[in-house]
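The numbers here are math on the coordinates, done by the rules we state, and not lab data. Small disclaimer: the values here were computed from a predicted structure and weren't measured. Positions of Cβ are generated from backbone atoms using ideal geometry, with glycine treated the same way; all protein chains shown enter the neighbour counts.
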Amino acid sequence: MSGKTVDMLVCGGGYVGLAVAVAVKSSAPSLSVAVVDAAPVDSWRKDQRASAIAAAARRLLHALGLWDSIMPEAQPITEMIVTDSRTGDPVRPVFLTFDGATPDGEPFAHMVPNLALVTALRQKADELGIAIHQASVAAGLSVGPAMAEVTLVGGTVMSARLVVAADGVRSALRDMAGIRTMHWDYGQSGIVTTVAHERPHGGRAEEHFLPSGPFAILPLTGNRSSLVWTERSADADRLVAGDDLVFEAELERRFGHHLGELRLDGGRRAFPLGLTLAREFVRPRLALAGDAAHGVHPIAGQGLNLGFKDVAALAETVVEAHRLGLDIGSLATLERYQVWRRFDTVQMGVTTDILTRLFSNDIAPIRLARDLGLGLVDRLPRLKSFFIAQAAGTTGESGPRLLRGQPI
């Protein structure tokens, strides 16, 4: 069956796929852009999770004209504390505290409901005339000298000068292109849920390092918090599938009583955790973005923000090539994007891997060393400022313009 020919085809209708489509189309209106989304119709409306949006990603969203509609549901993180203890310890000493502001005075991150983020992206895509096709990619990716062709389930073929694979950590397009990955499984799963609590959180985020992995309490608007609770995979599956009373009792043991009475405010799901890094981010006519290029442990809360960095770098690469009259899908053009993003991605992958192995155990000498390290960081203001800047994504002025809040 004949399909449609566009300048750029984005496969994947999540945050990263929609954001790169919006960023390119809003900066270069003459380029034709389409999105193919394999998720069931309106399934995105059922997403009850929330994400940490770093300051640099917030600037990108603001530059794209999205932040004003998201802001009413965004909760700034005003403070962060880090503890290291066992689940049954009566007291959890705080080893490290962070002021939630960057040197520029803006919050280093906001917690944003996923529904608010995707709604804003889809509305902007509709305003820009970006078509979103509800279809899955079949086993068909053909790359020619001037165009790439993607075959959808049902036989429709779509052609584009550039195909962006933003189809997740198990990317079908990445596999079709023969791009290999480095991957290992941590044997952990992240339980994600939302709780309502009696007392206000004051915008404070908490990261409790427990023997089975980090337990993060992340503030939402109102007296609510989003939880990212790491457990060994078998235990996580048992908790998610089990009785509500057992789940709530185990949650309370980890959460504590400092915010008063707790109750679940939504469903709960568990996601397997691992590290996946693509060996290449680009091929002729193809660029990987988001989880298709990299999947990291949520211990540093940087997974989505890495994806938004991809968006900023890829959009600037494509738009500037288009303005210069260059081929937006040529390997020579796309190499700039790969150089821009690979080192930062590998660095974050290594960092999260080290942190995961360092803090997901109960070995006494390692516990002592890490607690001394946390205490040392807490006493060095310049080092703390460096870590805040890293978490906010605001280091350096040589990065993509969108991450600085500037239009391309």
Checklist outcome for this item: Going from the fewest other Cβ atoms within 10 Å to the most, one would list E207, E280, E127 as E127, E280, E207
Checklist entry - Semi-axes of the equivalent ellipsoid of the range 1-151: what are they in whole Å, largest first, if each equals the square root of 5 times a C-alpha gyration tensor eigenvalue? => result 38, 19, 14
Checklist entry - Expressed in nm to one decimal, what extension gain is obtained for the pair L376 and E198 from 0.36 nm per residue of sequence separation less their Cα-Cα distance? => result 60.7 nm
Item to check | Projected area averaged over orientations for the range 179-262, convex hull of C-alpha atoms, nm² | outcome: 7.1 nm²
Item to check | Packing-based order for 299-306, 71-78, 137-144, using average beta carbon neighbours within 10 Å, highest first | outcome: 299-306, 71-78, 137-144
Checklist entry - Which shape class applies to the range 29-100: rounded if a/c is under 1.5, otherwise prolate when a/b exceeds b/c and oblate if not, where a ≥ b ≥ c are the square roots of the Cα gyration tensor eigenvalues? => result prolate
Item to check | Ranked M348, M8, M182, criterion: other C-beta atoms within 10 Å, fewest first | outcome: M182, M348, M8
Item to check | Label zone at L368 (point 7 Å along Cα-to-Cβ), backbone N below 19 Å, the range 198-227 | outcome: 211
Checklist entry - Quick one: which of 235-247, 33-45 comes out on top by average Cβ neighbours within 10 Å, and what's the full order, highest first? => result 33-45, 235-247
Checklist entry - Taking R0 as 35 Å, what's the FRET efficiency between D42 and A146 from their Cβ-Cβ distance, rounded to 0.05? => result 0.45
Checklist entry - Using a basic spin-label model with each label point 7 Å from the Cα along Cα→Cβ, how many nm lie between Q134 and T87? => result 4.1 nm
Next on the checklist: Could you give me D for the range 258-323, from Stokes-Einstein at 25 °C and 0.890 mPa s, where the hydrodynamic radius is the Kirkwood radius over C-alpha pairs? Units µm² s⁻¹, please.
Outcome noted: 166 µm²/s
Checklist entry - What is the projected area of the convex hull of the Cα atoms of the chain, averaged over all directions, in nm²? => result 19.4 nm²
Checklist entry - For helix 244-255, what angle does its Cα long axis make with the longest principal axis of the chain, in degrees from 0 to 90 and rounded to 10? => result 80 degrees
Checklist entry - Once fully extended, how much extra length lies between H257 and Q123, figured as 0.36 nm per residue of separation less the alpha-carbon to alpha-carbon distance? => result 44.2 nm
Checklist outcome for this item: Counting only DSSP beta bridges with both partners in the chain, the antiparallel fraction in percent, to the nearest 5, comes to 70 percent
Checklist entry - Cα to Cα, under 26 Å, and not fewer than 8 places away if on the same chain: which lysines meet these conditions relative to K4? => result K25, K124
